[in-house]
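*Asks:* Below is the structure I would like to discuss, written out as structure tokens.
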Amino acid sequence: MSHSLTLRVYYEDTDMGGIVYYANYLRFIERGRSDWVREIGIDQLAMKAQGVVFAVRKVEAEYIQPARFEDVLEVRTTLDSLSAARMVMGQEVWRGDDLLFSAKVLIVCIGAGGKPTRLPAELRLLQS
């Protein structure tokens, strides 16, 4: 399963050197994951109403090349592994043929009181 999101770098995304501020890559990949979840039919507002939300537990990131103001980027998201309680997403940010950023993101669900809970059934069905 994969997903692609195209976005443009705005001035607000850059630092004083005119390159994308490092923490903004995490925002970019969050958008990619959110769009992927929406695309596969999971309603995060309905999940929240049931007291369950997604939470990032771990991110391993590699900054390879800088992006700059006005660049058009592609955020590529893949589901690398899935179990009843967690999923690992592979995410990359590309500018054309150039890989700029790569990350592995461990996602879990938490319920009432911040306790771990199972992933939504719709998501677990992807294991089949």
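*Asks:* Looking at the range 54-76, can you tell me whether even one residue there is among the aliphatic types (A, V, I, L, M), touching a residue at least 12 places away in the same chain (Cβ under 8 Å) and farther than 28 Å from residue 12 by Cβ?
*Replies:* no
*Asks:* Evaluate the range 51-70: report whether one residue or more is under 15 Å from residue 120 (Cα atoms) and of a type outside the set (A, V, I, L, M, F, W, C).
*Replies:* There is at least one residue in the range 51-70 that is under 15 Å from residue 120 (Cα atoms) and of a type outside the set (A, V, I, L, M, F, W, C).
*Asks:* Picking from 80, 71, which residue would you name as being over 11 Å from the mean Cα position of the chain (by Cα) and open to solvent by 60 Å² or more (accessible area, probe 1.4 Å)?
*Replies:* 80
Results for (1) under 11 Å from the mean Cα position of the chain (by Cα); (2) modelled with pLDDT of 95 or more; (3) not in a loop (DSSP other than H, G, I, E, B), shown as yes or no for each residue.
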| position | (1), (2), (3) |
| --- | --- |
| 27 | yes, yes, yes |
| 31 | yes, yes, yes |
| 47 | no, no, yes |
| 57 | no, yes, yes |
| 92 | yes, yes, yes |
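*Asks:* Which one of these is in contact (Cβ under 8 Å) with a residue 24 or more places away in the chain, crowded, with 17+ Cβ neighbours inside 10 Å and charged (D, E, K, R): 124, 118, 95?
*Replies:* Step by step, each of 124, 118, 95 is checked, and only 95 is in contact (Cβ under 8 Å) with a residue 24 or more places away in the chain, crowded, with 17+ Cβ neighbours inside 10 Å and charged (D, E, K, R).
*Asks:* Can you name every residue in the range 21-55 that is exposed (fewer than 11 other Cβ atoms within 10 Å of the Cβ) and on the phi > 0 side of the Ramachandran plot?
*Replies:* 41, the sole residue that qualifies.
*Asks:* Follow-up question, since we're still on this one. Taking the conditions exactly as written (open to solvent by less than 50 Å² (accessible area, probe 1.4 Å) and either touching a helix residue (DSSP H, G or I) at 6+ places or on another chain (Cβ under 9 Å) or not in a strand (DSSP E or B) (or both)), does residue 108 satisfy them or not? Step through it out loud before you land on a result.
*Replies:* On the way: open to solvent by less than 50 Å² (accessible area, probe 1.4 Å): yes; either touching a helix residue (DSSP H, G or I) at 6+ places or on another chain (Cβ under 9 Å) or not in a strand (DSSP E or B) (or both): no.
In short, no.
*Asks:* Has the range 3-20 got at least one residue that is open to solvent by 70 Å² or more (accessible area, probe 1.4 Å) and within 30 Å of residue 114 (Cβ to Cβ)?
*Replies:* Among the residues of the range 3-20, not one is open to solvent by 70 Å² or more (accessible area, probe 1.4 Å) and within 30 Å of residue 114 (Cβ to Cβ), which makes the answer no.
The values are calculated or read from the model by the stated rules, or taken from the named source; none is laboratory data. Note that the structure is predicted; figures quoted are calculated from it, not measured. Because the Cβ atoms are built from the backbone with ideal geometry, glycine has one as well, and the counts that use them run over all protein chains shown. Side chains included, ligands, DNA and RNA excluded: accessible areas come from the protein's heavy atoms. Shrake-Rupley method; radii C 1.70, N 1.55, O 1.52, S 1.80 Å.
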